[in-house]
Amino acid sequence: MPGLGTPTARTRAQQLRRQMTKPERLLWSRLRDHRTGLHFRRQHAAGPYVLDFYCAAAKLCVEVDGASHEMTSQHDRQRAAMLLREFGIVTLRVAASDVLKNLEGVVAHVAETARHRSAPSLAGASCSP
């Protein structure tokens, strides 16, 4: 179950909530207020991983990629494959630079992706924990 991260992942998620990057903070400011009609969690532990943002009903992980992600692309691919295989979670990657330059466009893309993923099973209902 995606909500049950390992103890190490849960501890790391708590730390990351306090140390969010500027693009993560900006995106969270839009996702958290439910203007999109969706419910997201931030720094959510899933198995041994911490997901930047997660919509449970859509089984959608949103990752904000900055310079550090470019160096760990193999790790990111393995993580995305495990999330899909074990939990059915799809990963949507957005560039930190896009969040900084076009926040509303990124929010619209994330919301559309989540709605599309949740529509078959929920017929328009919000993503919720």
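Using the alpha-carbon centroid of each, what span in Å lies between segment 1-54 and segment 88-116?
14 Å
Using per-residue counts of other Cβ atoms within 10 Å, averaged over each peptide, order 85-98, 39-52 from highest down. Working shown, then result.
Working: 85-98: 15.7, 39-52: 21.7.
Averaged packing, sorted descending, gives the order 39-52, 85-98.
For segment 91-101, just list the computed ³J(HN,Hα) in residue order, Karplus coefficients 6.51, -1.76 and 1.60, θ = phi - 60°, integers in Hz, with x standing in for Gly and Pro.
Values per residue, Gly and Pro as x: 9, 10, 9, 10, 6, 4, 5, 5, 4, 5, 8 Hz.
Amide H to amide H under 5 Å from residue 89: which residues, 5+ apart in sequence or cross-chain, H placed 1.01 Å off N in plane?
84
Between residue 73 and residue 29, with labels modelled 7 Å along Cα→Cβ, what's the label distance in nm to one decimal, could you check?
In this crude label model, residue 73 to residue 29 measures out at 3.1 nm.
Determine ³J(HN,Hα), in whole Hz, for all residues of segment 23-34 in sequence, where each value follows from phi through the Karplus function 6.51 cos²θ - 1.76 cosθ + 1.60 and θ = phi - 60°; x replaces Gly and Pro.
x, 5, 4, 5, 5, 4, 4, 8, 6, 6, 8, 6
On a full-extension model of 0.36 nm per residue, what is the gain between residue 85 and residue 103, subtracting their alpha-carbon distance, rounded to one decimal in nm? Kindly include the intermediate steps, with their values, before the conclusion.
On the way: separation 18, 0.36 × 18 = 6.48 nm, distance 3.03 nm.
Full extension of this stretch gives 3.5 nm more.
With a 10 Å radius around each residue's Cβ, average the other Cβ atoms per peptide and rank 55-61, 77-83, 6-12, 21-27, highest first. Don't skip to the answer; put the middle values down first.
Details: 55-61: 22.9, 77-83: 15.3, 6-12: 13.6, 21-27: 18.3.
Ranking, from highest mean packing down: 55-61, 21-27, 77-83, 6-12.
From the backbone phi of segment 36-49, what are the Karplus-calculated ³J(HN,Hα) couplings (6.51 cos²θ - 1.76 cosθ + 1.60, θ = phi - 60°) in whole Hz, Gly and Pro given as x?
7, x, 10, 10, 10, 10, 10, 6, 9, 6, 9, x, x, 10
Where a number appears in this text, it was derived from the coordinates with a stated rule and is not lab data. Quick caveat: nothing in here was measured; it's all calculated off a predicted structure. Neighbour counts are summed over all protein chains in view; Cβ atoms, including those assigned to glycine, are modelled from backbone coordinates with ideal geometry.
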